[in-house]
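Derivation of every value follows stated rules applied to the coordinates shown; laboratory data play no part. Owing to the predicted nature of the structure, the values given are computational and were not obtained by experimental measurement. All Cβ positions, even for glycine, are placed from backbone atoms using ideal geometry, and neighbour counts span all protein chains on display.
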Amino acid sequence: MDTLIDRYLNAVSENLPARLRKDTVTEIRSLIQDALDDRSKEEGRSPDNEMMVEVLKQFGSPQSIVAPYLPEKYLIGPRLFPTFNLVISIVLPILAVLSMIGFWAGYSQPVPITGVDLVANIAKSIGNMLSAVIQGFGNIVIIFAILQWVLPDFRIKPKEWDPRSLKAVRQPDKIKRGELITEIFFSLIGLIVFTFYIDKIGIYNYVNGQWTFTPILTSAFNNFIPWLDLLWVITILLNTILLRRGAWEYGTRLFAIALYAFGIGISASFLTSIPYIYTLQGAFGQLGGASILQSLINQVLIVAFAVAILVNALKIIKMLLNMVRGRING
Amino acid sequence: LLSEKGLEIDQGTLYPLLRRLETQGLLGSNWRVEDARPRRYYKLSQAGQDNLPRLIHEWKTIVQMMQRMLES
């Protein structure tokens, strides 16, 4: 019959790698027997079950006695971890964007897209994106775990370090003046062109020494103009406030979130109305290529509006995170 | 022997440490059977003997430095 010591050593050996097992178990057995002998002498009686329990309690659980014998094990060790972090921060956003573009570029349902279709497809594209990101993360972890296993002492040769290469301290509240002014400039151009020169947007052809003009935007597009104007006016207003204040604040962030949500709404409306907002019939009708070109443009517009929705959604998430960080840091 | 010299060290700490020194090549070991029980004996390897003066010097330097810091 096996004794408590045999059971203890069996549990110890189960927790040891094969190459250490035999030697370590023999060593621990010898130490336990020494301890048992010492106690037996001290108490003046032969070892029994109760004494074994006391001695084994002194030695600690099999897991705790084995721990110091084992080298520290990592799935991805501290030497590889910074490289792993770098790869993750580059690859995962690229995967997310590619998955989103791939989904909408391969969108094959007939246009116009209905509101229900749109919501279902946005949810599906986000699901695909998450799945691609999780799968990518898993694959990168597996590659790094293999590297860790094959090259446990892997380290990148340290370059000569220069303090001037240090990254600037992150300032989430700092505004980017150049970006804001560029946005104001383009919003103003959009506002002026789509308000006063909408009838000038179309295709110009120089045929037989004469310029001909064919409008491409339809009256359905005109319904969007007040909303686009409102978007541009709000953008100009927000950016002007930011330039005057010099930094992001709680109120301006809320304002920006509302603006981005509005942007999502407009992009979604465009997405459901793609075939109605423009026409190529007048311009290419005679050439017979209008339908092919139109389906190509439709596909490009689907991707463009889907990406616009994603970008605005990411901006909202970034704003919310900065708001939470601002609250935490007081 | 260690406790006689005033160094009380737990077995669970001592033996894994000896193993690590052996892995680093500073100790060698062999099994001997005494009182019908196998026992492992560790002894300084050649590399251990070569490194011992340097390690003793490092240890003494640390002790002296700590002493100066505690006195000041």
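Table for the structure above
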{"item": "For peptides B:57-69, B:36-48, A:264-276, sequence by mean Cβ density within 10 Å, most packed first", "result": "A:264-276, B:36-48, B:57-69"}
{"item": "FRET E, pair A:Phe81, A:Val300, Förster distance 45 Å, beta-carbon r, rounded to 0.05", "result": "0.65"}
{"item": "Within the protein assembly as shown: Cβ-based charge dipole about Cα centre, in debye rounded to nearest 20 (Lys, Arg +1; Asp, Glu -1)", "result": "1200 debye"}
{"item": "Charge dipole (chain B, unit charges on Cβ, about Cα centre) - positive-most of B:Val63, B:Pro38, B:Leu2", "result": "B:Pro38"}
{"item": "Cβ-placed point charges (K, R +1; D, E -1), dipole of segment A:25-82 about Cα centre in debye, nearest 20", "result": "400 debye"}
{"item": "Chain A: relative contact order as a whole-number percent, Cα under 8 Å and 6+ apart", "result": "18 percent"}
{"item": "Positive dipole terminus of chain A, leading residue within A:Asn208, A:Leu231, A:Tyr278 (C-beta point charges)", "result": "A:Asn208"}
{"item": "Test item: B:32-43 mean partner chain Cβ contacts at 10 Å", "result": "2"}
{"item": "Contour minus Cα-Cα distance for A:Ile203 and A:Asn222 (0.36 nm per residue)", "result": "5.1 nm"}
{"item": "Geometric extent, Cα atoms of segment A:194-251 - Rg, Dmax (angstrom)", "result": "18.4, 60"}
{"item": "Residue-averaged beta-carbon neighbours from other chains (10 angstrom radius) around A:83-91", "result": "0"}
{"item": "Shielding by partners - mean other protein chain Cβ count within 10 Å, residues of A:311-321", "result": "0"}
{"item": "Mean shadow area of chain B, taken as a quarter of the surface of its Cα convex hull (nm²)", "result": "6.6 nm²"}
{"item": "Extreme residue, positive dipole direction of segment A:45-97, given options A:Ile65, A:Leu92, A:Val55 (C-beta unit charges)", "result": "A:Leu92"}
{"item": "Exposure proxy order (Cβ contacts within 10 Å, fewest to most) of A:Ser99, A:Ser219, A:Ser40", "result": "A:Ser219, A:Ser40, A:Ser99"}
{"item": "Pairwise Cα inverse-distance average, inverted: Kirkwood Rh of the protein assembly as shown (Å)", "result": "29.9 Å"}
{"item": "Over chain B, relative contact order from alpha-carbon pairs under 8 Å, at least 6 apart, %", "result": "19 percent"}
{"item": "Cα long-axis angle, helix A:290-328 against chain A (0 to 90 degrees, to the nearest 10)", "result": "50 degrees"}
{"item": "Folded to 0 to 90 degrees: helix A:177-196 orientation relative to chain A principal axis, Cα", "result": "30 degrees"}
{"item": "Under 20 Å from A:Lys318, Cα to Cα: aspartates and glutamates that are on another chain or at least 8 residues apart", "result": "A:Asp173, A:Glu179, A:Glu183, A:Glu249"}
{"item": "Rounded FRET efficiency, nearest 0.05, which uses the C-beta distance separating B:Leu18 from A:Lys159 and R0 of 45 Å", "result": "0.70"}
{"item": "Using alpha-carbon coordinates, inclination of helix A:225-245 to the longest axis of chain A, degrees", "result": "60 degrees"}
